[in-house]
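Asker: Below is a structure I'd like to ask you about.
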Amino acid sequence: MASAPPNKVSVDKLTGEFLQCSLCLDSYKQPKVLHCQHTFCFPCLETYVNNLGNPGLINCPLCREPTVIPGKNIQSLKNNFLVDSLLSFIQKEQSLQSIVKGRSEWRETSVAKICEVCEEDKPTELFCNDCNLWLCKTCAKAHKKLPSTMAHMTLSVDVVVNKARDRLTDAEKELNVLLVAIDSRYQEALLMQQQFSEQGEQTATNIEQTFTKLWEILEEKKLKFLQTLAEHISKAGYQLETKIEQIEKNKFQVEKALEFVKETKSSSDAWHITSMLENVQKLRESTKDMQLPSVAEKSKSEFLAVDNMLKDVSLSTAGSLSFPSADPRDAPLYPLDSLTSGTVLHHLNNKFFVTGIALTRSGNMFVASNCDSLVMLMKGEIVAKIEHLDCVRPWGLALAPSSEIVITDCETNDGYGSVNVLHINGAFKNQIAHGLSMPRGVAIDKHGRVFVCDETDRCVYVMTPSGRMVNILKRDADGNFIFEAPRFVAISEHGVVVVSDNARTVKIFDAHFKQSHCYQSPFPGSEFWDVLCGTDETIYVADWNHGIHAVSPDGKFLGFVGSSPFRLLKPTSLTLHPTEYSLIVGTADGEVICIK
């Protein structure tokens, strides 16, 4: 038995075994490669991700290894150029085989009515396939006798007609099959049109019902806010009226006393003037002991609506009603043992705000500032500017258990952020994650797991030191977003996770990633930046406008850290000294301060 040509075998093998998508079982269309190197069609991956409902992450359908989707766009995944090249090769090979096959077959022709050699009106009987001419009986005999044409292949009229009928039969079959396929697609299109119309109507109904319910919830929340506001105004108004009555009473008494003093002073009777001095002295003593009610410098009510309410209305974060009742200048100082004085370790040029600090046990300090610079300090002096990294916008820094430095790069465009690892001397080691939307703060737990805040994707990624994703904190059990814009993260010795969210709240999670408490500043105008977990489980929060908050593990304000002038220092970044019980603080003015 003759074996198939080598090219034919290789093409079939490539097509059937190596160039077939595991999802649609057809040849690849726009092949996209995942982090695990498995390849799938772009349309198949798009449908697969849409069905999962998580546009930012895809678990490989074959090995389940996760791949972060840059910008939540499947099209941004890398193409498998090897598969593309093989597909192009096969298409060319199949076209070549089709051409060769066509040349070896009989050429179609129509039966001529007159001889194309002698051009006389004689019926034709033979067709020369080599000369491509119809011959009459006389010319056919001569054609077969001539040495130059006697070897030519000739066909009779019946053979040509039968071949033509065979071709027509094949065409009829193909057209019938095509007609059935078209009819089937037509019926599918009609059914899809009907389903599309029904689904559209149902979706519109669901939208109407959802927003009707949402409107009812918002109306209920509005009434509660207005009721709370009315109660506050009533209570504050009553207290103010009481103070006004007391002030009016005191004013009346003072005016009477002043009138008596003036009358006595204007008297011409010397005895009267001197005898009334004792009474005047008593009046003076009574006014000295007069208690004047305190009046606040200012009183206002303010409604703080969430920034993303129109973008993504969350029933749990529709807004908040705040009544400023505390002055940060009157807040207590948190002792933090002996942390009462501070020393400026370094001052960056141009007052760049500090976004991240990492201090190694060897004494090297890495400082990221202004989203565009990273320096290494030793004894307060710059010993190296880290410029050889492929890092555009360095932001968060963290010290790994192996003494390596983990740094986030938030890049200039969403979908290009990364997480990188540096050696202790500042040299680049490797990249453990890429394709993140907007990575900000980073923290590492005692097991070496890396926690990264993604401000744009509204989540916290949890990954191994090699970059394998193990968890994503993004939505609660009801499907609502946990965060609005997470920016900084910290982890305690016992696995408590603390996240600074939207510069307004600090959310506290237990070791099982369940939210336990939420801290909000009791002072108006707070802007939260970095967070830090102390060795005693106290949480420290950098407040750009008011200083460093000390917060209990259950989310209660304990006081401010540090005494004047290191209390109001515009803190933006925090870290603990690895060997000394002191706090390293980066500020909005580009200072690096040690409070101890």
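The values are calculated or read from the model by the stated rules, or taken from the named source; none is laboratory data. The shown structure was predicted, so the numbers you read here are calculated from the model rather than taken from an experiment. In this analysis, Cβ positions are derived from the backbone assuming ideal geometry, glycine residues included, and neighbour counts consider all displayed protein chains.
Asker: Out of the stretch 570-583, which residues are surrounded by fewer than 23 Cβ atoms within 10 Å (Cβ to Cβ) and touching a Ser or Thr at 6+ places or on another chain (Cβ under 7 Å)?
Answerer: Lys570
Asker: So if I check each of His447, His434, which one is closer than 19 Å to Val462 by Cα, within 20 Å of the chain's Cα centre (by Cα), modelled with pLDDT of 80 or more and assigned by TED's automatic domain parsing to the domain that holds Asp530? It would help to see each step written out before you state the result.
Answerer: Details: His447 fails: within 20 Å of the chain's Cα centre (by Cα).
Matching residue, one of His447, His434: His434.
Asker: Identify the residue in the stretch 514-549 that is among the small types (Gly, Ala, Ser) and over 21 Å from Ile444 (Cα atoms) and, among all such residues, is surrounded by the fewest Cβ atoms within 10 Å (Cβ to Cβ). Let's see the steps before the verdict.
Answerer: Here is the first cut: in the stretch 514-549, the residues among the small types (Gly, Ala, Ser) are 516, 521, 525-526, 534, 542, 547.
With the extra rule that they be over 21 Å from Ile444 (Cα atoms), the set shrinks to 521, 525-526, 547.
Working: Ser521: 22, Gly525: 11, Ser526: 19, Gly547: 25.
My answer is Gly525.
Asker: Same structure again: Would you pick out the residues in the stretch 569-595 that are of a type in the set (Asp, Glu) and assigned to a strand (DSSP E or B)?
Answerer: The one that is of a type in the set (Asp, Glu) and assigned to a strand (DSSP E or B): Glu591.
For every residue, the table says whether it meets (1) loosely packed, with under 14 Cβ neighbours inside 10 Å; (2) of a type in the set (Val, Ile, Thr); (3) at pLDDT 80 or above; (4) not in a helix (DSSP H, G or I).
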residue: Leu23; (1), (2), (3), (4): no, no, yes, yes
residue: Gln37; (1), (2), (3), (4): yes, no, yes, yes
residue: Val83; (1), (2), (3), (4): no, yes, yes, no
residue: Ser88; (1), (2), (3), (4): yes, no, no, no
residue: Ser98; (1), (2), (3), (4): yes, no, no, no
residue: Gly102; (1), (2), (3), (4): yes, no, no, no
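Asker: Looking for something free of Cβ contacts under 8 Å to residues at least 60 places away in the same chain, closer than 27 Å to Asp457 by Cα and not polar (S, T, N, Q) - is there at least one such residue anywhere in the stretch 578-591?
Answerer: no
Asker: Within the stretch 581-596, track down each residue that is hydroxyl-bearing (Ser, Thr, Tyr) and farther than 18 Å from Met378 by Cα.
Answerer: Here is the first cut: in the stretch 581-596, the ones hydroxyl-bearing (Ser, Thr, Tyr) are 581-582, 587.
Listed by number, the residues that qualify are Tyr581, Thr587.
Asker: Looking only at the stretch 489-514, which residues are in a strand (DSSP E or B) and in contact with a Leu (Cβ under 9 Å, 6 or more places away or on another chain)?
Answerer: Once the filter is applied, which keeps residues that are in a strand (DSSP E or B) and in contact with a Leu (Cβ under 9 Å, 6 or more places away or on another chain), the stretch 489-514 yields Ala490, Val497, Val498, Val499, Phe509.
Asker: List the residue pairs whose Cβ atoms are under 8 Å apart, where the first residue sits in the stretch 221-234 and is small (Gly, Ala, Ser), the second is in a helix (DSSP H, G or I), and the two are 6 or more positions apart or on different chains.
Answerer: none
Asker: Please determine, by comparing only the residues of the stretch 452-478 that are outside any strand (DSSP E or B) and of a type in the set (Ser, Thr, Tyr), which one is surrounded by the fewest Cβ atoms within 10 Å (Cβ to Cβ). Please lay out each step first, then the result.
Answerer: Start the filter on the stretch 452-478 by keeping residues that are outside any strand (DSSP E or B), which leaves 455-458, 464-468, 474, 476-478.
Subsequent filtering for residues that are of a type in the set (Ser, Thr, Tyr) retains 456, 464, 466.
Numbers: Thr456: 18, Thr464: 13, Ser466: 10.
Ranking the candidates gives Ser466 first.
Asker: Is it the case that some residue within the stretch 515-522 is in contact (Cβ under 8 Å) with a residue 60 or more places away in the chain and in a loop (DSSP other than H, G, I, E, B)?
Answerer: yes
Asker: If a residue must be in a loop (DSSP other than H, G, I, E, B) and surrounded by 18 or more Cβ atoms within 10 Å (Cβ to Cβ), how many such residues does the stretch 425-444 contain?
Answerer: Count: 3.
Asker: A further question follows. Looking at (1) out of contact with any Leu (no Cβ under 9 Å at 6 or more places or on another chain); (2) at pLDDT below 90, can you tell me which one Asp589 breaks?
Answerer: Every condition holds for Asp589 apart from (1).
Asker: Here is a list: Glu208, Glu198, Glu259. Which entry is under 30 Å from Glu285 (Cβ atoms) and without any contact (Cβ under 8 Å) to a residue 60 or more places away in the chain?
Answerer: Glu259
Asker: Next up: Check the stretch 245-267 and report whether any residue there is at pLDDT below 85 and outside any helix (DSSP H, G or I).
Answerer: Yes: the stretch 245-267 contains one or more residues that are at pLDDT below 85 and outside any helix (DSSP H, G or I).
Asker: Those residues that are within 27 Å of the chain's Cα centre (by Cα) and at pLDDT 70 or above, I need them from the stretch 376-391; list them, please.
Answerer: Within the stretch 376-391, just Ile386 meets the criteria.
Asker: Quick one: in the stretch 47-59, which of the residues that are surrounded by fewer than 17 Cβ atoms within 10 Å (Cβ to Cβ) and not hydroxyl-bearing (Ser, Thr, Tyr) is modelled with the highest pLDDT?
Answerer: Applying the filter and picking the extreme gives Asn50.
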